[in-house]
Every structure is written in structure tokens, then in C-alpha cells.
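Take a look at the structure set out below.
The values are calculated or read from the model by the stated rules, or taken from the named source; none is laboratory data. In this text the structure is predicted, and so the values were computed from the model without any measurement. Cβ placement follows ideal geometry from the backbone for every residue including glycine, while neighbour counts extend to all protein chains displayed. Heads up: the accessible areas ignore ligands, DNA and RNA and are worked out on the full protein's heavy atoms, side chains in. Shrake-Rupley method; radii C 1.70, N 1.55, O 1.52, S 1.80 Å.
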Amino acid sequence: MAKTGTTTQGLRAAIERSGYYPALVAEAVEAAIGGEAIGSYLVHQETTFDANEVRRHVTVLVLTGTRFIVSHTDEQAADSTSPTPYATTSTESVKIGRISSVVLSRVVANPEKYVPGTPPREVVLTIGWGAVSRIDLEPAACGDPNCEADHGYTGSSTADDLSLRVSEAGDGPDAVRQTLAFAQALSEATADTAR
């Protein structure tokens with residue numbers, strides 16, 4: 001479930017409502033924020049199925065006046081490296097000026113009947129700042145079907161640092177609206193640094 005807002009107390013409350021190791025998550029996020037004021041945040045708890053295991057994780061996105069902070073916490077079952085279950089929490093602080101793209105994909109039902117202001121049934125928020133890129137390559141070809149020459153490769157490079165999917169069916173309509181609000185705040189913050 002996604003939660004968004006603008007205060008430290010609101011952020012802590014949203015983390016606690018997610019129910020996902022709130023003390024651990026809150027400590028990591030608050031340490032990354034330091035003394036900065038919060039402009040906006042989004043808390044997204046997600047459950048995934050991996051073979052015969054159910055795994056949960058939470059992603060917390062925070063926007064301050066100067067930084068975009070990403071925190072991600074995963075739980076792991078006991079394994080050969082640990083006799084007990086454990087969680088891994090990581091945080092990354094990115095200067096707002098380093099964010100190169102904010103992509104918001106919206107999925108709407110019955111687009112021919114769309115009414116402005118109606119929330120989409122699903123959104124995917126993708127944020128790029130150059131830490132992770134994906135390169136998709138394929139053999140290049142010419143228009144001649146009988147050509148056997150090597151034309152090298154063609155492809156594309158995509159910034160793919162963070163992608164977050166929120167749906168009305170899985171997360172609820174409030175989560176979709178909150179993701180839209182956070183995406184707008186982040187887009188506006190990156191536009192301010194471009195001036």
C-alpha cells in the first residue's frame with residue numbers, strides 16, 4: 001500500500017501503517033534524511049511470490065529540498081548463510097539535479113470514455129539518475145533479404161534505476177492517487193533544478 005505526505009511524523013506513521021519492520025525501516029530512512037525537511041514521500045509495501053515462498057518488501061521514497069532518497073527493505077528466509085530469517089535495508093541519496101528522468105506510465109480502462117481527472121487503474125513510476133542502465137542489443141540488418149554481410153549491432157540504452165508499479169486492484173485507489181502526487185512533486189522538483 002502506498003502512502004504519501006510531507007512531514008516527518010506523517011512519514012513515520014506511514015511506515016508504521018505498512019506493518020513491515022517499521023522500527024528498522026524508519027531508522028534507516030530517518031538516518032538518510034538527516035535534518036532536512038521532507039517535501040514529499042511515498043511508502044509502498046509489496047508482496048511477491050517466488051517459487052514456493054511469499055516475500056515482502058517495502059520501498060520508501062522521500063523528496064527533500066536537495067535530495068531524492070530511496071530506501072528498500074527485503075526479508076529473507078533462513079539459508080546457508082544465516083540460520084535465522086533476516087532483512088536487508090539499503091538507502092541511497094541522490095541529488096535532485098542528478099535525476100535524469102521521471103517516467104509515469106498510466107493504464108486507463110475504456111480510454112474512449114475517459115473523463116479528465118479520473119485516476120488510472122495502474123501506474124508505473126520509473127526514475128533514472130544514472131546508477132543503473134540497461135542495454136538491449138540485437139543484430140543490425142539491411143533491407144536486402146539475401147544479404148549475408150555483418151552489419152554489427154543496434155540497440156538502446158535505458159536508465160532503469162527504480163521502477164515502482166502501483167495498481168488499483170492490488171494496492172487500492174488511494175495508493176494510485178498517492179503515487180501520482182509523489183510523481184508530480186518529483187517532476188516539479190527536477191524542473192526547478194533545470195532552470
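Computed quantities for the displayed model
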| read-out | value |
| --- | --- |
| Residue in the stretch 108-130 that is of a type in the set (A, V, I, L, M) and open to solvent by 70 Å² or more (accessible area, probe 1.4 Å) present | yes |
| Residue list for the stretch 94-107, filter: within 15 Å of the chain's Cα centre (by Cα) and open to solvent by 60 Å² or more (accessible area, probe 1.4 Å) | Ser100, Val103, Arg106 |
| Qualifying residue in the stretch 131-151 (condition: touching a residue at least 60 places away in the same chain (Cβ under 8 Å) and in contact with a Leu (Cβ under 9 Å, 6 or more places away or on another chain)) | no |
| Residue check, Val115 more than 24 Å from Thr47 (Cα to Cα), modelled with pLDDT of 90 or more and more than 17 Å from the chain's Cα centre (by Cα) | yes |
| Pick from the stretch 68-124, criterion assigned to a loop (DSSP other than H, G, I, E, B) and touching a Gly at 6+ places or on another chain (Cβ under 8 Å), ranking: farthest from Ile38 (Cα to Cα) | Ser100 |
| Candidates Ala28, Ala78 - the one that is loosely packed, with under 11 Cβ neighbours inside 10 Å and among the aliphatic types (A, V, I, L, M) | Ala78 |
| Identity of the residue in the stretch 31-63, small (Gly, Ala, Ser) and part of a strand (DSSP E or B), that ends up surrounded by the fewest Cβ atoms within 10 Å (Cβ to Cβ) | Gly39 |
| Residue in the stretch 151-168 that is farthest from Arg98 (Cα to Cα), counting only those that are modelled with pLDDT under 85 and over 14 Å from the mean Cα position of the chain (by Cα) | His151 |
